[in-house]
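First comes the structure, then the notes that go with it.
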Amino acid sequence: MDDPNSMEELRRLLREARQQAEEAERGREQERQRAEEAERERQEEQQRAEEAERGRQEERDRAEKEQQRAEASEKQTQPTTLDEYIAACHSLVFSSFNIERNRKLTSKGPITNPRNKWCPTNLRPWPDFLRQQRITFGTLYDIFPTHRRIFENRSFLSGLGSRMAKRKITDEKVLEYFLHNSVEDPVRAIVDQLKEVEGVRSAFDLGSGIIFENHPHAISDVAEEVVDRNTAPTPPSTPGSRLDLNQLRPDQICIYRFDNAGSTRRTMIYISEYKPPHKLTAPHLRLGLRPMDIYKDVVNRTTIPTSVDPDARFQYHAERLTAAAITQTYHYMIEGGLEYGLLTTGEAIVFLKIDWREPETLLYHLAEPDAEVSAHPNHSHLCTAVGQYLAFSLMALGPPGERRLRGQDERRQATEKLKTWMEDFETTLRSIPEDERHAPRSSPGYQPEAYEGVDRSPYLLRGKRRR
């Protein structure tokens with residue numbers, strides 16, 4: 001039998017071993033608890049740090065959004081620079097141009113009594129128009145402080161564009177309303193600022209600014225001025241020795257230069273004529289404008305394509321409509337002794353020039369602002385309607401001292417070389433069947449003229465480079 005003392009000792013040792021094991025386990029458990037507590041504290045600290053960072057990020061985001069809102073608000077309400085103003089007039093106002101496609105809602109327009117109009121013998125492209133436009137912008141940018149914020153803000157222009165968008169182009173009067181607000185008045189406002197800069201006044205004969213005006217005596221006013229300035233007023237030959245006071249149509253605008261501040265004396269610099277885009281379409285102009293002898297190729301044309309060849313048939317109508325429209329503008333340019341004029345449908349602009357050394361030739365340049373803006377992103381503002389009207393107005397104003405109007409003797413000599421054409425645009429339009437007024441799907445007239453590959457940057461005379 002075992003020794004009781006030995007058994008007791010063994011039991012004691014076992015108890016101690018169990019106690020030690022239990023204490024060790026408790027120690028390990030406590031260590032685990034401390035580790036878990038430390039991990040919880042670390043996670044809580046990390047969570048607090050993350051929440052704090054989220055709070056800081058949210059604060060940064062709020063501050064950034066507030067700054068963006070403030071900047072956007074400031075951008076909308078602060079005056080614009082010249083470049084910003086021209087671009088905003090296009091994107092916020094001119095882009096709202098909307099043609100009424102329902103022919104039942106468009107006007108047909110009145111048929112006036114056809115009268116003989118001076119007809120250009122030759123129609124030719126204006127070869128250096130874009131170069132002259134670049135030189136004009138280059139001259140302007142070389143002098144005018146383009147960083148100045150002196151033009152209307154975007155908020156105003158945005159509201160104006162919203163109002164413009166509510167009226168679809170249905171007739172000449174709505175087109176006039178649209179172009180006056182989106183193009184003509186901005187150009188007038190720009191010239192008002194340009195004339196305040198001495199260097200610009202030295203480069204362009206700005207006088208006291210310009211005005212776009214439609215009234216029945218406009219052409220007769222300029223004719224009387226030409227007569228007054230001429231020492232030997234010999235009347236021109238037919239169609240009339242003196243202009244009819246009521247011959248100016250409601251779709252024509254005269255652009256005047258005021259001679260001096262406070263003076264009522266003013267000089268016409270060019271004439272602008274409107275034709276709604278549902279009557280004279282962009283395809284009509286793209287195909288109808290080409291080098292030609294108008295009297296030979298249009299007025300006295302002997303062969304007329306039939307509907308068997310729809311492309312040729314549309315080309316024929318395009319040439320006749322375009323010729324009728326520009327002949328009307330040319331007639332008033334000749335009668336008024338003007339070098340410059342334009343015809344616009346809103347969609348497209350035909351800039352016109354008479355070189356009075358060869359007045360029987362009419363030079364043309366077709367501009368399509370929307371297509372040109374997209375094709376020239378680096379200088380898009382210069383391709384807008386406002387940009388191109390501005391350059392054209394400055395070209396027509398010319399430098400100080402340059403003769404602007406031709407005297408009656410010079411006009412008489414010019415008309416001695418010209419034939420007349422008894423034609424009315426509305427009559428010509430109504431002679432075209434409804435189903436032949438739109439270009440066939442195969443027609444090249446659907447391709448806009450954007451002058452891709454042509455440099456549209458300002459031609460800077462002193463070698464400076466703008467941004």
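Results, tabulated for the structure shown:
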| read-out | value |
| --- | --- |
| Any chance PRO277 is surrounded by fewer than 23 Cβ atoms within 10 Å (Cβ to Cβ), assigned to a loop (DSSP other than H, G, I, E, B), within 32 Å of the chain's Cα centre (by Cα) and at pLDDT 85 or above | yes |
| Selection count where residues are under 28 Å from ILE255 (Cα atoms), in contact with a Cys (Cβ under 7 Å, 6 or more places away or on another chain) and not hydrophobic (A, V, I, L, M, F, W, C), scope the range 284-330 | 1 |
| Number of the exception - LEU352 against (1) buried (at least 24 other Cβ atoms within 10 Å of the Cβ); (2) over 25 Å from the mean Cα position of the chain (by Cα); (3) of a type outside the set (Gly, Ala, Ser) | (2) |
| Filtered residues of the range 149-206 (kept if of a type in the set (Ser, Thr, Tyr), touching a residue at least 12 places away in the same chain (Cβ under 8 Å) and in a helix (DSSP H, G or I)) | SER155, SER158, SER162, SER182, SER202 |
| Some residue of the range 95-109 being over 25 Å from LEU397 (Cα atoms) and touching a Lys or Arg at 6+ places or on another chain (Cβ under 6 Å) | yes |
| Residue within the range 290-298 that is surrounded by 20 or more Cβ atoms within 10 Å (Cβ to Cβ), closer than 17 Å to TYR274 by Cα and more than 25 Å from the chain's Cα centre (by Cα) present | no |
| TYR270 vs. criteria among the aromatic types (Phe, Trp, Tyr) and either free of Cβ contacts under 8 Å to residues at least 60 places away in the same chain or in a helix (DSSP H, G or I) (or both) | no |
| Qualifying residue in the range 90-99 (condition: of a type in the set (Val, Ile, Thr), within 30 Å of GLU347 (Cβ to Cβ) and surrounded by 10 or more Cβ atoms within 10 Å (Cβ to Cβ)) | yes |
| Answer residue from the range 412-465, given it is within 26 Å of the chain's Cα centre (by Cα) and free of Cβ contacts under 8 Å to residues at least 12 places away in the same chain and is farthest from ALA323 (Cα to Cα) among those | ARG465 |
| Top-ranked residue of the range 385-406 - restricted to ones that are part of a loop (DSSP other than H, G, I, E, B) and touching a residue at least 60 places away in the same chain (Cβ under 8 Å), ranked as farthest from GLN132 (Cα to Cα) | ARG406 |
| Filter result (among the charged types (D, E, K, R) and on the phi > 0 side of the Ramachandran plot) within the range 397-425 | none |
| Search result, residues across the range 298-324 that are outside any helix (DSSP H, G or I) and closer than 15 Å to LEU429 by Cα | none |
| Output for the range 43-98, where each listed residue is of a type in the set (Ser, Thr, Tyr), part of a helix (DSSP H, G or I) and farther than 30 Å from GLU172 by Cβ | SER73, THR77 |
| Matching entry among HIS365, HIS381, HIS376, HIS284 (being modelled with pLDDT of 95 or more, over 14 Å from the mean Cα position of the chain (by Cα) and over 25 Å from LEU418 (Cα atoms)) | HIS284 |
| Hey, LEU405 modelled with pLDDT under 95, over 24 Å from ALA312 (Cα atoms) and buried (at least 18 other Cβ atoms within 10 Å of the Cβ) or not | yes |
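The values are calculated or read from the model by the stated rules, or taken from the named source; none is laboratory data. Everything quoted here is computed from the prediction, not taken from an experiment. With ideal geometry, Cβ positions are generated from the backbone for all residues, glycine too; neighbour counts draw on all protein chains shown.
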